[in-house]
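The values are calculated or read from the model by the stated rules, or taken from the named source; none is laboratory data. Source: prediction; values computed, not measured. Cβ sites come from the backbone with ideal geometry, for glycine too, and all protein chains shown count toward neighbours.
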Ligand SMILES: Cc1cc2nc3c(=O)[nH]c(=O)nc-3n(C[C@H](O)[C@H](O)[C@H](O)COP(=O)(O)OP(=O)(O)OC[C@H]3O[C@@H](n4cnc5c(N)ncnc54)[C@H](O)[C@@H]3O)c2cc1C
């Protein structure tokens, strides 16, 4: 009797295992098998946001060249080394709502901007306007007028804009990068972009800057979770398209897909796309880039001067033409005030940081608007992208498809492509006047 009871018990366990196996392995396989297949090249925020949406309807595969997802969104030891800041809901409407949806908490990050004591000028700290050097103050007022009332909503770089309007090189090379309040190259920043950013710069709106508590990595993981297949360490080498299929080749595999999403810079697209149409080639040729070296380090020599002059929480600090330092607070402490060792994220080509202080070093590509503008500028790029978007089952998103170079719009470019493939955006746009979804996506023909 006991023997039969045991057997019964074993049968029950085996049947449970079988049911478990069918539910979690066989069923999903059959559900996915009829789905059309999408290849997404590039696992930055654009590829991930497109993949997150499209995986609801398609079988999505991300090919990522490096050993991690996120691209420029890169968190090292809790410090973001690519994306540094995000602003309140009206500037980051979709990102803010995704953070809420994913239940990711943010912390406020008050910012102080500082410029070192160079060329005979006093230190300049943004929330201390009364103590500003008189010349800087005058230049700032002139700049303020131009930004607010000048109609030249042009696509030239902010650097050229300053030259045309006769600003001093100190203002152009030190004050402007500091004003920006984020690690962006002034050479690559268009006046058009600057004007949109301007009303929200830390100098006017210090309290509203934020960071996800555990850095951008926290939402990268959430986006990635629902995507059916992710290949890391898989740089796409060539892509061939025929009438029916898209064939992707990496050093490890060859695979066929129905649709292709290129979430990589145009420079990469130019390299990997075998059979470029004339329009595609034309567009790829319009892009050129600056390399931006970002060093995460603990070298306090670079920050002492600023720290002795102010006791704010976070600093953007320019000490040479190309050097911007962001001192990130130590978020492990409950107190927002940073504690030593101060971790800095420095943007530089030649900053003398001692090797022993370097935590991480990474080179990113920034579109170079100065050169791109010489090839017809934004209008022309928009015109061509509009022509090629969706043709040959190929879609484009990412940093080179938006007219302003930052995280929110790159995310929206992924949603835009998903929308083209029949998956509408998850949230409505009402109430957000600054960045209506897709308003800034190059080639966008709807809102
Ligand atoms: C230094 C820096 C600081 C910034 N700070 C801010 C900020 O404070 N706030 C803000 O809003 N925005 C900021 N930005 C802008 C914003 O972060 C970027 O625009 C955005 O993250 C770019 O996302 P993406 O997906 O288009 O590209 P990327 O993040 O560059 O992703 C592209 C991905 O493609 C992969 N790839 C490349 N070639 C291949 C290949 N052949 N096969 C497969 N994969 C490939 C790359 O490894 C990468 O992961 C900053 C940008 C930089 C460079």
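Are any residues in region 91-107 surrounded by 14 or more Cβ atoms within 10 Å (Cβ to Cβ) and at pLDDT below 80, and if so, which ones? So that I can check it myself, show each step before the final result.
If we filter region 91-107 for residues that are surrounded by 14 or more Cβ atoms within 10 Å (Cβ to Cβ), which is where we start, we get 91-99, 102, 104, 106.
Correct list: 91, 92, 93.
Within region 256-266, count every residue that is more than 9 Å from the ligand (Cβ to nearest atom), within 22 Å of the chain's Cα centre (by Cα) and not in a strand (DSSP E or B). Reasoning before the result, please.
The first filter runs over region 256-266 and keeps only residues more than 9 Å from the ligand (Cβ to nearest atom), leaving 256-262, 266.
After this cut, where a residue has to be within 22 Å of the chain's Cα centre (by Cα) as well, the list is 260-262, 266.
Subset that is not in a strand (DSSP E or B): 266.
The qualifying residues number 1.
Identify, please: which residue in region 55-73 is closer than 20 Å to residue 34 by Cα and in contact with a helix residue (DSSP H, G or I) (Cβ under 6 Å, 6 or more places away or on another chain) and is, among those, surrounded by the fewest Cβ atoms within 10 Å (Cβ to Cβ)? I'd like the intermediate steps shown before the answer.
Here is the first cut: in region 55-73, the residues closer than 20 Å to residue 34 by Cα are 55-62.
Filter once more, keeping what is in contact with a helix residue (DSSP H, G or I) (Cβ under 6 Å, 6 or more places away or on another chain): 59-60, 62.
Working: 59: 19, 60: 28, 62: 26.
Top of the filtered list is 59.
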Residue check, residue 409 modelled with pLDDT of 75 or more, touching a strand residue (DSSP E or B) at 6+ places or on another chain (Cβ under 9 Å) and in a helix (DSSP H, G or I): yes
Unmet criterion (only one of (1) within 24 Å of the chain's Cα centre (by Cα); (2) at pLDDT 95 or above) for residue 203: (2)
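Scan region 40-54 and give yes if some residue there is touching a residue at least 12 places away in the same chain (Cβ under 8 Å), near the ligand (Cβ under 7 Å from one of its atoms) and surrounded by fewer than 24 Cβ atoms within 10 Å (Cβ to Cβ), otherwise no.
Of all residues in region 40-54, those touching a residue at least 12 places away in the same chain (Cβ under 8 Å) come to 40-54.
Now restrict to residues that are near the ligand (Cβ under 7 Å from one of its atoms): 41-47.
Now restrict to residues that are surrounded by fewer than 24 Cβ atoms within 10 Å (Cβ to Cβ): none.
Checked region 40-54: no residue is touching a residue at least 12 places away in the same chain (Cβ under 8 Å), near the ligand (Cβ under 7 Å from one of its atoms) and surrounded by fewer than 24 Cβ atoms within 10 Å (Cβ to Cβ).
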Tally, over region 219-234, of residues that are under 20 Å from residue 395 (Cβ atoms) and either away from the ligand (no atom under 14 Å from the Cβ) or not in a strand (DSSP E or B) (or both): 6
Only listed residue being over 30 Å from residue 104 (Cα atoms) and in contact with a strand residue (DSSP E or B) (Cβ under 7 Å, 6 or more places away or on another chain), chosen from 261, 272, 227: 272
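From the residues in region 235-245 that are away from the ligand (no atom under 14 Å from the Cβ) and out of contact with any helix residue (DSSP H, G or I) (no Cβ under 6 Å at 6 or more places or on another chain), which one is nearest to residue 42 (Cα to Cα)?
First, the residues of region 235-245 that are away from the ligand (no atom under 14 Å from the Cβ): 240-245.
Now drop any that are not out of contact with any helix residue (DSSP H, G or I) (no Cβ under 6 Å at 6 or more places or on another chain), which leaves 240, 242-245.
Numbers: 240: 17, 242: 22, 243: 23, 244: 23, 245: 19 Å.
Among them, the one singled out is 240.
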Single residue of 184, 197, 211, 179 found to be crowded, with 18+ Cβ neighbours inside 10 Å, modelled with pLDDT under 80 and in a loop (DSSP other than H, G, I, E, B): 184
Residue, modelled with the lowest pLDDT, within region 393-406, restricted to residues that are more than 11 Å from the ligand (Cβ to nearest atom) and in contact with a helix residue (DSSP H, G or I) (Cβ under 9 Å, 6 or more places away or on another chain): 403
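Determine whether region 108-125 contains at least one residue that is modelled with pLDDT of 85 or more and surrounded by fewer than 23 Cβ atoms within 10 Å (Cβ to Cβ). Outline the logic, then answer.
Step one: filter region 108-125 for residues modelled with pLDDT of 85 or more, giving none.
No - not one qualifying residue is present in region 108-125.
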Members of region 267-290 found to be surrounded by fewer than 19 Cβ atoms within 10 Å (Cβ to Cβ), more than 16 Å from the ligand (Cβ to nearest atom), assigned to a loop (DSSP other than H, G, I, E, B) and modelled with pLDDT under 95, listed by number: 275, 285
Test: residue 73 is near the ligand (Cβ under 7 Å from one of its atoms) and outside any strand (DSSP E or B): yes
